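Enquirer: Supplied in structure tokens, the structure appears directly below.
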Amino acid sequence: MKVLVAVKRVIDYNVKVRVKPDNSDVDLNNVKMAMNPFCEIAVEEAVRLKEKGVATEIVVVSIGPKVAQEQIRTSLALGADRGILIETDEKLESLTVAKLLKAVVEKEQPQLVVLGKQSIDSDNNQTGQMLGALTGLPQGTFASEVVVDGDKVNVTREVDAGLRTVGLSLPAIVTTDLRLNEPRYASLPNIMKAKRKPLEVVSPADLGVEIKSTQTVVKVTPPAERSAGIKVADVAELVEKLKNEAKVL
Amino acid sequence: MTQSQTSLSQTELENQLKAIVGDDKVKTDPDSLETFGKDWTKIYPPNPSAIVFPKTTEQVQAIVKFANEHRVALVPSGGRTGLSAGAVAANGEVVVAFDYMNSISGFNAMDKTVRCGAGVITEQLQNYAEEQGLFYPVDFASAGSSQIGGNIGTNAGGIKVIRYGMTRDWVAGLTVVTGKGDILELNKDLVKNNTGYDMRQLFIGGEGTLGFVTEATMRLTRPAKNLTVLVLGVPEFEAIMSVLNTFQTNIDLTAFEFFSDKAMRKVVARGDVPAPFETEAEYYALLEFEAETEGHIDQAMELFEKCMEEGWVLDGVMSQSETQAQNLWRLREDISETIAEWTPYKNDISVVVSKVPPFLNEIEEIVTREYPNFEIIWFGHIGDGNLHLNILKPDDLAKEIFFEQCAKVSTWVFEIVEKYKGSVSAEHGVGMTKKPYLEYTRSAAEIGYMRAVKAVFDPNNIMNPGKLIDME
């Protein structure tokens, strides 16, 4: 079974995000970039499927600038077999990403597509769903467990009320939630082996997709700073403030 | 004098202190006395007579003058994270707490310096530096509580010493109040200043025995770029040294730490962070370096390959994100906290790097021979020759007996330290806990000069008496 995993290069989870002085965007200058944490989980899940003998080949795809190769190499070190970079410096919206992925799905014909449920930079949580709509494939989003059973995959989803398990016929799309697995580290011997694994670079045009922007960023502002706390003299004052100022009582 | 010999009554003492700093800046309630009278050692029961919170250098000066006049012993107090009882007030001393001298000012972008009150918390300075696009590199587990004044008094080291040195290397200038009550401006923040004795250096690591640091000008540097962490599994201790040598001759490492498999298993068992890999190894080395370009990574990979070929390394991982780097660091940094539940006996010792393997073996041999039921946990900043020896208390052994036996271990360990010309306290200072062992590292003549120096700055022996050296 072939598994396609999509990974995104994003600002590192641990970096304190700064906004550009002109409020046009987030400042990415000299900022540490890394693989989106949900994508790490997607790669890990694919690798585990391969270790179980369920998956036979893992293809990892990323869309972005040339340096996004780093995240593909990391995926290859973790156990993916080959990589595809759709190279573009354009700003990408979810729909464009879904269209590009659809083209890759058509070309590669995977049985399973695994994506992170969202990326931590734009937090849209829509690419997987859009890809489902565009390809007509069944989707299991917010997965906390993935079990392949013959020509079906059972996906346990984290929903508001608890867990819901859906049975999807393959090929299918799965988006990963945090509790699906704990990703491993890339071992140094595997990082070295990954250098020899194939990495194909294509352009959006090669895939017949035109990058169009339908959104305009009006303004990017940091969240309001928390104001300093105060000390209250006694319980009565605390209750008074909770009632009249915080209005929580 | 190891305790206050003042003839002042408690009320007179409090009133005079209040006259200097204001009524609300003197505390004598039991909670405050307990809190401000001790550090992390918890061996000596705290028993200060008052806690005073000055806000300016002039107030510190007034307190010192008052203390001289009435023979009141003073103990400086910062973040109280010390491990050698250097800031413990167990004998009725007045504690001078610097918590309110916590302002950062006078940032100079050209000189890359910043002025800190003694009470500035290390992390506060680190964050301030980051806001200016710079970096304060002295870092250790207690950075969220420890204060700059205490860092200077103990010449704090930590996890980046191999690249950035100790606190000493980042102090451009100091304002101190000497034991005689003089205010001195030391070094005036100069880079080059060959005008005789650099007295600044005496106050750094002086543990407040000559005077109190009230303000300091600290140097900042450019931030490290893309710090990348490797954790390598190593089959035997000697191989760690070969790995260190291989990497250090080719790469500027920002850290080189080691820990034993026993230490790591205990951290991993807590369930917060995963083991780096499945391959079993007796020891682990943690390396950190700046991967500014792809070339740096490639170089590290080549060195790793070489270490694999030589059989020095069994397996290894490299961080692919900041989160992974932090989690790998936790394998090392969480050890202290993790083993705390075994009431460990601890030592912080150092020798020159090349002597580390025989030194460690000799200590391990003697402890294992005498107390075969003791579990020894090693970790430390091996790139600096600094080892943290920890012995865990066997469950069936009473605490008192364990510490009695450990006192014997101390003597053996320090005899080995002396033999290897090492230090009985690499980065934790001397305070009270290491004072009895100072002679294993410092000669009688040296200690004599130390006493003489103290007598010059603090003729009445009121500044942190009973710490570092005894005057009698």
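The values are calculated or read from the model by the stated rules, or taken from the named source; none is laboratory data. Keep in mind it's a predicted model, so treat the numbers as computed, not measured. Note that each Cβ is placed from the backbone with ideal geometry, even for glycine, and that neighbours are counted across all protein chains shown. Surface areas here come from the heavy atoms of the whole protein model, side chains and all, with no ligands, DNA or RNA. Shrake-Rupley method; radii C 1.70, N 1.55, O 1.52, S 1.80 Å.
Enquirer: Residue by residue through segment B:299-317, note down the ones that are of a type in the set (D, E, K, R) and either in a loop (DSSP other than H, G, I, E, B) or at the interface with chain A (Cβ under 9 Å from one of its Cβ atoms) (or both).
Expert: Step one: list which residues in segment B:299-317 are of a type in the set (D, E, K, R), which gives B:302, B:305-306, B:309-310, B:315.
Correct list: B:305, B:310, B:315.
Enquirer: Hey, can you tell me all the residues within segment A:83-121 that are out of contact with any strand residue (DSSP E or B) (no Cβ under 6 Å at 6 or more places or on another chain) and closer than 15 Å to residue A:35 by Cβ?
Expert: Within segment A:83-121, A:118 is the sole residue that qualifies.
Enquirer: Could you list, in sequence order, the residues of segment B:191-216 that are surrounded by 12 or more Cβ atoms within 10 Å (Cβ to Cβ), over 15 Å from residue B:151 (Cβ atoms) and more than 18 Å from the chain's Cα centre (by Cα)? Lay out the reasoning, then the answer.
Expert: First, pick out the residues of segment B:191-216 that are surrounded by 12 or more Cβ atoms within 10 Å (Cβ to Cβ): B:193, B:198-216.
Then drop every residue that is not over 15 Å from residue B:151 (Cβ atoms), which leaves B:193, B:198-199, B:202, B:209-211.
B:193, B:198, B:199, B:210, B:211 - these are the residues of segment B:191-216 that are surrounded by 12 or more Cβ atoms within 10 Å (Cβ to Cβ), over 15 Å from residue B:151 (Cβ atoms) and more than 18 Å from the chain's Cα centre (by Cα).
Enquirer: Sticking with this one: Quick check on residue B:390: is it modelled with pLDDT of 95 or more and either crowded, with 21+ Cβ neighbours inside 10 Å or within 26 Å of residue B:353 (Cα to Cα) (or both)? Working first, answer last.
Expert: Values: modelled with pLDDT of 95 or more: no; either crowded, with 21+ Cβ neighbours inside 10 Å or within 26 Å of residue B:353 (Cα to Cα) (or both): yes.
When the stated conditions are applied, residue B:390 does not pass them.
Enquirer: Quick check: is even one residue across segment B:11-27 closer than 30 Å to residue B:340 by Cα and either among the acidic types (Asp, Glu) or assigned by TED's automatic domain parsing to the domain that holds residue B:457 (or both)? Can you show your working first?
Expert: Taking segment B:11-27 and keeping what is closer than 30 Å to residue B:340 by Cα, we get none.
Within segment B:11-27 (the criterion being closer than 30 Å to residue B:340 by Cα and either among the acidic types (Asp, Glu) or assigned by TED's automatic domain parsing to the domain that holds residue B:457 (or both)), the answer is no, since none of the residues qualifies.
Enquirer: In segment B:49-68, which residues are part of a helix (DSSP H, G or I), surrounded by fewer than 16 Cβ atoms within 10 Å (Cβ to Cβ) and of a type outside the set (Lys, Arg)?
Expert: Of the residues in segment B:49-68, the ones part of a helix (DSSP H, G or I) are B:57-68.
Right, trim to surrounded by fewer than 16 Cβ atoms within 10 Å (Cβ to Cβ) and you get B:58, B:65.
Residue satisfying the conditions is B:58 alone.
Enquirer: Kindly indicate the residue of segment B:345-369 that is of a type outside the set (Phe, Trp, Tyr), outside any helix (DSSP H, G or I) and crowded, with 19+ Cβ neighbours inside 10 Å and also modelled with the lowest pLDDT among those meeting that condition.
Expert: Across segment B:345-369, the extreme among qualifying residues is B:347.
Enquirer: Let me ask something else about it. For segment B:424-444, check the following and say yes or no: at least one residue is in a loop (DSSP other than H, G, I, E, B) and over 30 Å from residue B:177 (Cα atoms).
Expert: At the first step, the residues of segment B:424-444 found to be in a loop (DSSP other than H, G, I, E, B) are B:424-434, B:441-443.
Then keep just the ones that are over 30 Å from residue B:177 (Cα atoms); that gives none.
Scanning segment B:424-444, I find no residue that is in a loop (DSSP other than H, G, I, E, B) and over 30 Å from residue B:177 (Cα atoms), so the answer is no.
Enquirer: Exactly one of these conditions fails for residue A:139: (1) closer than 30 Å to residue A:16 by Cα; (2) open to solvent by 60 Å² or more (accessible area, probe 1.4 Å). Give me its number.
Expert: Against the list (1) closer than 30 Å to residue A:16 by Cα; (2) open to solvent by 60 Å² or more (accessible area, probe 1.4 Å), residue A:139 comes up short only on (1).
Enquirer: To continue, here is another question. Which fully enclosed helices (runs of 4 or more DSSP H) of segment B:89-169 have 2 or more residues being closer than 22 Å to residue B:385 by Cβ? Spell out the reasoning first.
Expert: Working: elements: B:122-131, B:148-154, B:161-164.
Result: B:148-154, B:161-164.
Enquirer: May I pose another question? Checking residue A:97 against (1) surrounded by fewer than 24 Cβ atoms within 10 Å (Cβ to Cβ); (2) more than 14 Å from chain B (Cβ to nearest Cβ), only one condition comes out false. Which one?
Expert: Of the numbered conditions (1) surrounded by fewer than 24 Cβ atoms within 10 Å (Cβ to Cβ); (2) more than 14 Å from chain B (Cβ to nearest Cβ), the odd one out for residue A:97 is (1).
Enquirer: Quick check on segment A:186-200. Is at least one of its residues in contact with a Pro (Cβ under 6 Å, 6 or more places away or on another chain), farther than 17 Å from residue A:41 by Cβ and open to solvent by 40 Å² or more (accessible area, probe 1.4 Å)?
Expert: In the first step, residues of segment A:186-200 are kept if they are in contact with a Pro (Cβ under 6 Å, 6 or more places away or on another chain); the result is none.
Scanning segment A:186-200, I find no residue that is in contact with a Pro (Cβ under 6 Å, 6 or more places away or on another chain), farther than 17 Å from residue A:41 by Cβ and open to solvent by 40 Å² or more (accessible area, probe 1.4 Å), so the answer is no.
Enquirer: Working only within segment B:214-260, note down all residues that are within 14 Å of another protein chain (Cβ to nearest Cβ) and assigned to a strand (DSSP E or B).
Expert: Passing the criteria: B:227, B:228, B:229, B:230, B:231, B:232, B:233, B:234.
Enquirer: Just checking, how many residues over segment A:18-42 are over 17 Å from residue A:92 (Cβ atoms), within 14 Å of chain B (Cβ to nearest Cβ) and surrounded by 15 or more Cβ atoms within 10 Å (Cβ to Cβ)?
Expert: Here the count works out to 5.
Conditions tested, residue by residue: (1) within 14 Å of another protein chain (Cβ to nearest Cβ); (2) touching a helix residue (DSSP H, G or I) at 6+ places or on another chain (Cβ under 8 Å); (3) assigned to a helix (DSSP H, G or I); (4) within 30 Å of residue B:279 (Cβ to Cβ).
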{"position": "A:164", "(1), (2), (3), (4)": "no, no, no, no"}
{"position": "A:167", "(1), (2), (3), (4)": "no, no, no, no"}
{"position": "A:179", "(1), (2), (3), (4)": "no, no, yes, yes"}
{"position": "A:196", "(1), (2), (3), (4)": "yes, no, no, yes"}
{"position": "A:216", "(1), (2), (3), (4)": "no, no, no, no"}
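Enquirer: Moving on. Mind checking which residues of segment A:48-70 are open to solvent by less than 10 Å² (accessible area, probe 1.4 Å) and either of a type outside the set (A, V, I, L, M) or within 14 Å of chain B (Cβ to nearest Cβ) (or both)?
Expert: A:60, A:62, A:64, A:68, listed by residue number.
Enquirer: Follow-up. Starting from segment B:318-329, keep only residues that are more than 7 Å from chain A (Cβ to nearest Cβ), then list their pairs with residues that are open to solvent by 20 Å² or more (accessible area, probe 1.4 Å) whose Cβ atoms are within a distance under 7 Å, requiring at least 6 positions of separation or different chains.
Expert: If the second residue must be open to solvent by 20 Å² or more (accessible area, probe 1.4 Å), the pairs left are B:325/B:227.
Let's see how each residue does on (1) in a helix (DSSP H, G or I); (2) among the polar types (S, T, N, Q):
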residue	(1), (2)
B:19	yes, no
B:24	yes, no
B:44	no, no
B:47	no, yes
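Enquirer: Just to be sure before I move on: is residue A:78 of a type outside the set (D, E, K, R), open to solvent by less than 60 Å² (accessible area, probe 1.4 Å) and within 18 Å of residue A:9 (Cα to Cα) in the structure I sent?
Expert: Working: of a type outside the set (D, E, K, R): yes; open to solvent by less than 60 Å² (accessible area, probe 1.4 Å): yes; within 18 Å of residue A:9 (Cα to Cα): yes.
Spelling it out, residue A:78 is indeed of a type outside the set (D, E, K, R), open to solvent by less than 60 Å² (accessible area, probe 1.4 Å) and within 18 Å of residue A:9 (Cα to Cα).
Enquirer: Could you please find all residues in segment B:284-298 being assigned to a helix (DSSP H, G or I), buried (at least 17 other Cβ atoms within 10 Å of the Cβ) and away from chain A (no Cβ under 12 Å)? Step through it out loud before you land on a result.
Expert: Pass one, segment B:284-298, residues assigned to a helix (DSSP H, G or I): B:294-298.
Cutting the leftovers down to buried (at least 17 other Cβ atoms within 10 Å of the Cβ) gives us B:296-297.
If the condition is that a residue be assigned to a helix (DSSP H, G or I), buried (at least 17 other Cβ atoms within 10 Å of the Cβ) and away from chain A (no Cβ under 12 Å), then B:296 is the only one that fits.
Enquirer: So residue A:168 ticks every box in (1) of a type in the set (A, V, I, L, M); (2) touching a residue at least 40 places away in the same chain (Cβ under 8 Å); (3) open to solvent by less than 20 Å² (accessible area, probe 1.4 Å) but one. Which box is left unticked?
Expert: Of everything listed in (1) of a type in the set (A, V, I, L, M); (2) touching a residue at least 40 places away in the same chain (Cβ under 8 Å); (3) open to solvent by less than 20 Å² (accessible area, probe 1.4 Å), residue A:168 misses just condition (2).
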